[in-house]
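Here the structure comes first, spelled out in structure tokens, and everything after it is commentary.
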Amino acid sequence: MAKNEDAYRPFIPRRGRAVAFAAAVAMVVTFGVVAFVVLPTGGATGWTMLDKWAVFFFGCFLGWGLSRWGLVKAEPSPEGITVRNLLTKRFVPWAEIVGVQFGGGRPWCLLDLADTEQLAVMAIQRADGPSAEAEASRLAALVHVNQGEIPND
């Protein structure tokens, strides 16, 4: 694999990204409809306006949480790879990566690091099928090329 711009394009999930954003929008809309249309106002069993806003903002919070799934990605560069998962973002130099795993039914790709840790690369998700396999192979090739090794493929 040559060191060019196409080789360093970001790893971005396909299905997971679309589902996450669609679910986030659906969550906000659903909680908004429930809060301001369905729930009764006033009376002994009614909801106050503060209750309705609390329900709506809870839906917004859930939507934000779901949207985080849509923002996962991994950005390779000649120096290393920046992995953005749900709540964390980490830069790993190529020299610290020992191997790439994507077998055994794992939901996403794993990087084996020199310090014996593993780092999930949630941007390469099994749900993407054959394209995920190709992306995992591209990541493994990037690791080998940037470490000066030739992959056995």
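The values are calculated or read from the model by the stated rules, or taken from the named source; none is laboratory data. Because the structure is a prediction, the values reported are computed rather than measured. Every residue, glycine among them, receives a Cβ derived from its backbone with ideal geometry; neighbour counts consider all protein chains shown.
Looking at A140, A134, which is the one that is over 12 Å from the mean Cα position of the chain (by Cα) and surrounded by 14 or more Cβ atoms within 10 Å (Cβ to Cβ)? Don't jump to the end; show me each part of the working.
Values: A134 fails: surrounded by 14 or more Cβ atoms within 10 Å (Cβ to Cβ).
Among A140, A134, only A140 is over 12 Å from the mean Cα position of the chain (by Cα) and surrounded by 14 or more Cβ atoms within 10 Å (Cβ to Cβ).
When the stretch 81-104 is examined, which residues are found to be within 23 Å of L71 (Cα to Cα) and in a loop (DSSP other than H, G, I, E, B)?
N85, L86, L87, T88, F102
Listed here are the residues, each with its yes/no results for (1) surrounded by fewer than 16 Cβ atoms within 10 Å (Cβ to Cβ); (2) over 13 Å from F11 (Cβ atoms); (3) among the aromatic types (F, W, Y); (4) modelled with pLDDT of 90 or more.
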site	(1), (2), (3), (4)
G46	yes, yes, no, no
A54	yes, yes, no, yes
E75	no, no, no, yes
K89	yes, yes, no, yes
A114	yes, yes, no, yes
I124	no, no, no, yes
A127	yes, yes, no, no
N146	no, yes, no, no
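Return only the number of the condition from (1) exposed (fewer than 13 other Cβ atoms within 10 Å of the Cβ); (2) in a helix (DSSP H, G or I) that W69 does not satisfy.
(1)
For the stretch 41-61, does any single residue satisfy the condition of being assigned to a loop (DSSP other than H, G, I, E, B) and of a type in the set (A, V, I, L, M)? So that I can check it myself, show each step before the final result.
Applying the first criterion (assigned to a loop (DSSP other than H, G, I, E, B)) to the stretch 41-61 yields 42-46, 48.
Subset that is of a type in the set (A, V, I, L, M): 44.
Yes, the stretch 41-61 has at least one match.
Where the second residue is in a helix (DSSP H, G or I) and of a type in the set (S, T, Y) and the first is within 20 Å of F57 (Cβ to Cβ) and lies in the stretch 6-29, which pairs have Cβ atoms under 6 Å and are six or more apart or on separate chains?
From residues that are within 20 Å of F57 (Cβ to Cβ), the pairs are A24/S67.
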